[in-house]
Structures are given as structure tokens and as C-alpha cells.
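Have a look at the structure below, then the notes.
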């Protein structure tokens, strides 16, 4: 009994600093969905947590301010948790080093895609960290903080210096608290929302592909989805929803979502990332009906129209079906956005232009083209040498509009660096095309916000060049 009370006392004393380094835009909520989901779980388990978010892309961002916040709350009963993303890798490294040099006494816990998709050698990437969490991290992080031992065996958690099993943390998605229904996320004009996690497809460039059995795509339970829709409809200030499901129309409840929003006369914008070959007539009928009160935007990740290029990135397209759906959405006046990738293995300037021409010929009003980047843990990252892919970091080049510190493929056996620069120029011309072919409302669409997620709980900071795979 005495030991039990002692363990309980330690749990009550344990505190966590939960930090986020985001990439934000003016309309973004003050907290990412991934951060909010973790915070909701920690609060559910009565874990004392302080949380702060900083935007690394803002001019007034200063790493010293983050360090000062951490050290002003540091003591032996405080741990630090941070999600690692490709867009703030330099800031993450600098912060972790500064925290250690300043003598932070607690554990440093690291999650996020930079951890989740690194199969081994995490200590080499992040020698300052004590604990690494791969996968959906809400439950694993809570278990770690509630334990009365420093290194409890928890699936998906790797402790620095111990053998790395390379496993991902699992989560009971049915019992996760909703950050909306618990009040962690407050109603505001723009929100991000999820109805499922993971993706059933395995594109070679995308971190949404399933890495092991614990990361399989799963749907939130029907009752939670319907309660969150009720919350949305009861807060009419919400007029812009970005649904983060990588392939919204691949889940079992997506039609129910549309019907519920129709029944509730939702009046705002609804952006849905969809797999174009999976689009059905009844889905388009529902979208058309919802458009009587709202404005639905379907985001399709086509990437390329060429079979050989698609084969190399494991993203096959049924072009006959693609052609039919694009023509039909155009005929129904349904807003669509198609994303393409340039810098693909096997691609040429001409083949890239052909993909753009195909979209224009099919009346696609909004076309975005993103440079290929090689994310940790993806097959393209593993095969970059055999495919002859050269990254910007390999030749030390920087190009306007290519996000700083994120390496992109800038040459391959099928295109030179000069060819790649030409593709950048072509991609930039799409801004003028989009502005000329769509209304000012549609042309002010959100910058792509997917993301692979904080601890793989959904983040939502899809930046201009960060995630070229909208809609699978």
C-alpha cells in the first residue's frame, strides 16, 4: 500500500513541457490538431502539462525565446516533449543542443515523422534525446509519464542507448478524447478536422504509407464523428474546414459525413483530399447537394499522367477513370484542385508539361505543382542512389519558393538541374492560370496543410512544397 501511494505521488508530481514548432499562416488556429490531440489525452489522464507553440516561419521567431521558456520551467520533475518535422530540422537540432547545454535536468522526448520514419540510428540524428516515440503517440506518451519507473517497456518507445526494435506505438483510437468536444480546440473560422488516420495506399514518396501493422488506416468511431459534426454545426463561426484525411473517400463513413452536413445546412467551405479513381456518382451527387449551401473543394493528387513515372513512385493512375471524373466534376461545377509533382524519376520537362496540359484540357480550374522531396522512411528516399536522384543539399543550391532547409530532387538521369529550374518556372506560371480561371474566393484557397503528424497524431501544417500528395 505504501508503494502504491508513493507511485501515485510521483505521478501527481510529474509535469510535461509540450512544445510545437509550427509553420503557420495568418488564418491558422493557435494550436495544431496534432498538438491538441495529444494535449486532450494528457488532460484526460490528469497529467500536468504546459504547452506552447511557436511558428518558425515568422520573422519574429527567436530560438532564444523557446530556450528561455523551457529553462524557466525546468526542474527534476519536468520532461520536455517535441515533435520533429522536416521543415524545422535545423531549429530542432539547435534547440535540443541549447537545452542540453543549459543543463535541462529532465528527459527529452522526441516524436514526429522525423522519428517515426527513421528505422534505426535515431541517436545519431538526435544525440540529445532520451526517449523516442514512433507512430501515434498520444497513449504511449501518457503511459510513459504515468509510469513510476524511468524506462517502462512500452510498444513504440525507444530509449537512447538500448536496442531499437523499430516498432511503432499503437493507440486505441476509439477511446481517444476529441480535442473539439473537450474544448481544447475552440471554435474559430478555420479549423482542421480528421475522420480517419492513415492511408490504404503505398505511394513511394509519401510518409502516409503504412509502415507496420500498428499504423494501419483506422476510422474514428461513428459516434465521435457525428458529435463533432454537431459541434461544427452548433458553432456557425466555423466557415472553413480542411479535412486532413489523406484519402477522405476511402473510409466507411465518408458518405455519412456529407449527408450529416447536408442535413445540418452547413454553409462554409469544406476541403476534401480524395482519391480520384475512387470517386463515385453518389459521392458527386452528395457534393453537388451540399454545394447548395456550402462550398466543397475536391483535392486530387494526380502527380503525373505517365505510366512509367507513376510506376516508379508506386502511384498508378487509371487515366480513363481520371479523365471521366475530371470532366464530370467540371460539368457539375464542382471546385477541384489537382496537384502534380515535378522532379520525379524518369520525368522530363516535356512530360511535366504534358501532365499540366492534360489538366487544363479537362477543365481543372486549379492546378498546383510541387517539387519532389525525399522524406525519411519512404522507398524513394531509400532508393535515391540507385535511381540517380540528386537533392538540392547535395549540390548546395537554393531556389526561390522552395522552402528553406528542405532538400528537393533537382536532377536525375532523365533531367538536368537546368531542366529542373525550367520546371520550377513552369510551376510558377500556374499561379496566373489559377487566378485567371477561378473566382477570387477559390483562388484564395488554403495552402496545402496535410501532414504527417506530430507523433503521427495528425498535424496539419501542409506547407506549399511540403506535401505533394494531396488526395493520394
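Of note:
- Test: residue in the range 194-201 that is at pLDDT 95 or above, surrounded by 21 or more Cβ atoms within 10 Å (Cβ to Cβ), more than 26 Å from residue 374 (Cα to Cα) and out of contact with any strand residue (DSSP E or B) (no Cβ under 8 Å at 6 or more places or on another chain): no
- Scanning the range 193-213 for residues that are farther than 25 Å from residue 114 by Cβ and assigned by TED's automatic domain parsing to the domain that holds residue 265 turns up at least one hit.
- Selected residue [in the same structural domain as residue 275 (by TED's automatic domain parsing), without any contact (Cβ under 8 Å) to a residue 40 or more places away in the chain and out of contact with any strand residue (DSSP E or B) (no Cβ under 6 Å at 6 or more places or on another chain)] from 314, 350: 350
- Qualifying residue in the range 176-191 (condition: touching a helix residue (DSSP H, G or I) at 6+ places or on another chain (Cβ under 9 Å), at pLDDT below 95 and within 29 Å of residue 221 (Cβ to Cβ)): no
Let's see how each residue does on (1) more than 24 Å from residue 173 (Cα to Cα); (2) assigned to a loop (DSSP other than H, G, I, E, B); (3) out of contact with any helix residue (DSSP H, G or I) (no Cβ under 7 Å at 6 or more places or on another chain); (4) not assigned by TED's automatic domain parsing to the domain that holds residue 142:
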| site | (1), (2), (3), (4) |
| --- | --- |
| 25 | yes, yes, yes, no |
| 37 | no, no, no, no |
| 41 | no, no, no, no |
| 53 | yes, no, no, no |
| 66 | yes, no, no, no |
| 87 | yes, no, yes, no |
| 99 | yes, no, no, no |
| 105 | yes, yes, yes, no |
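- Of the residues making up the range 68-85, just one is buried (at least 17 other Cβ atoms within 10 Å of the Cβ) and part of a helix (DSSP H, G or I), namely 70.
- In the range 112-128, residue surrounded by the most Cβ atoms within 10 Å (Cβ to Cβ) [restricted to those that are over 23 Å from the mean Cα position of the chain (by Cα) and assigned to a helix (DSSP H, G or I)]: 123
- Any chance residue 393 is surrounded by 18 or more Cβ atoms within 10 Å (Cβ to Cβ) and out of contact with any helix residue (DSSP H, G or I) (no Cβ under 6 Å at 6 or more places or on another chain): no
- Criterion (more than 24 Å from residue 86 (Cα to Cα) and in contact with a strand residue (DSSP E or B) (Cβ under 7 Å, 6 or more places away or on another chain)) met by exactly one of 122, 144: 144
- The single residue among 175, 170 that is outside the structural domain of residue 195 (by TED's automatic domain parsing), without any contact (Cβ under 8 Å) to a residue 24 or more places away in the chain and surrounded by fewer than 21 Cβ atoms within 10 Å (Cβ to Cβ) turns out to be 175.
The values are calculated or read from the model by the stated rules, or taken from the named source; none is laboratory data. Because the structure is a prediction, the values reported are computed rather than measured. Using ideal geometry, Cβ is built from the backbone for each residue, glycine included, and neighbour counts are taken over all protein chains shown.
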